[in-house]
Amino acid sequence: MDAMSECRVGLVEALNTRVYGNGTQTLVLSHGFGCDQTVWHYLIPVLAYYFRVVVFDLVFSSKVDPKLYDAQRYSDFSSYAQDLTSILDKLHLQKTIFLGHSMSAMIGCIAATERPDLFEHLILLSGSPRYLNTEGYYGGFNRSELDTILSNIQHNYSGWIKAFAPQAVGVKNTAAVAEFEHSLGRMKPEIVLSVAKTVYLSDERRVLPRVHVPSTIILSEEDIVAPLSVAFYMKGRLGAPARIKILKTKGHFPQLSAPSQLLLVLKKVLHFDA
């Protein structure tokens, strides 16, 4: 039995699950690649006033015991989705609002296909079902670009962080860049490489028509990781009603670089007064 299977009874604790607020509606926040739950720190104080907010760390995060990360097990998003549904079950939650950033957008979609009872609405922030360009689909990257990214992670990790963090943040926000750099710097390079392969080489387009939970797609008007065309592709193929909200900012991390603007959009989507 692997380490994660052994700890599945204690998964809530192993993935550092936290609950804030006392609202009647539960809002689950799930971070993306290279981060941990602290990426939500600007949003939680506001959201917890109106919702019961659940946050946790994905298994690759630096604050999770690295022995729990198994590269083979987590070579696709299905095991991440299983972790998510396990946490919600252990917290006895149903009909939650799920806000998934980046890779967690598709993790939420996969979980919703398996357990639609757990979700009332999906908020897909800066997500993408496929990053690699292919015939009839623009994901933002060609194969040589992805190969270069993976090579840089493997052979010049610190240099890659310095180059990638400001590109991903997308705006001149030194605090946001420093925060993302610090988050990546705490992670084990071999784990980052493994996760990067899973994310960048993923193709979850087939999942979209099987998602029968309503969703809102939120993204920046410019994002090197998830271009606008991907949002419209997702909207056209999701199996339930979906709408798109475009933030008037740049970058992949609006929760760090433009939290006030993101909160205004969430206010309109979730109908609360911020």
Note to self: I need a count of the residues in region 151-182 that are of a type outside the set (Val, Ile, Thr) and touching a Phe, Trp or Tyr at 6+ places or on another chain (Cβ under 7 Å).
What the structure shows: 5
Next item on the list: Only residues that are farther than 18 Å from residue 66 by Cβ and in a loop (DSSP other than H, G, I, E, B): list them for region 168-190, please.
Entry: 170, 171, 172, 173
Next item on the list: Name the one entry in 171, 207, 213 that is of a type in the set (A, V, I, L, M, F, W, C) and out of contact with any strand residue (DSSP E or B) (no Cβ under 8 Å at 6 or more places or on another chain).
Entry: 207
Check: So which residues in region 113-139 are among the aliphatic types (A, V, I, L, M) and surrounded by fewer than 23 Cβ atoms within 10 Å (Cβ to Cβ), if there are any at all?
Finding: 118, 132
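Report the residue count in region 150-161 for those that are loosely packed, with under 14 Cβ neighbours inside 10 Å and part of a helix (DSSP H, G or I).
Matching residues across region 150-161 total 4.
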Next item on the list: Looking at (1) at pLDDT 95 or above; (2) more than 18 Å from the chain's Cα centre (by Cα); (3) acidic (Asp, Glu), find the lone condition where residue 2 falls short.
Entry: (1)
Check: Applying the selection to region 36-71, what residues are touching a strand residue (DSSP E or B) at 6+ places or on another chain (Cβ under 8 Å) and of a type in the set (A, V, I, L, M, F, W, C)?
Finding: 39, 40, 43, 44, 47, 48, 51, 53, 54, 55, 56, 58
Notebook entry, point to check: Out of 55, 19, which single residue is hydrophobic (A, V, I, L, M, F, W, C) and more than 14 Å from the chain's Cα centre (by Cα)?
Noted result: 19
Margin query: Here's a check for you: in region 216-265, which residue that is touching a residue at least 40 places away in the same chain (Cβ under 8 Å) and aromatic (Phe, Trp, Tyr) is nearest to residue 174 (Cα to Cα)?
Written below: 253
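The values are calculated or read from the model by the stated rules, or taken from the named source; none is laboratory data. Small disclaimer: the values here were computed from a predicted structure and weren't measured. Note that we place each Cβ from the backbone using ideal geometry, even for glycine, and neighbour counts take in every protein chain shown.
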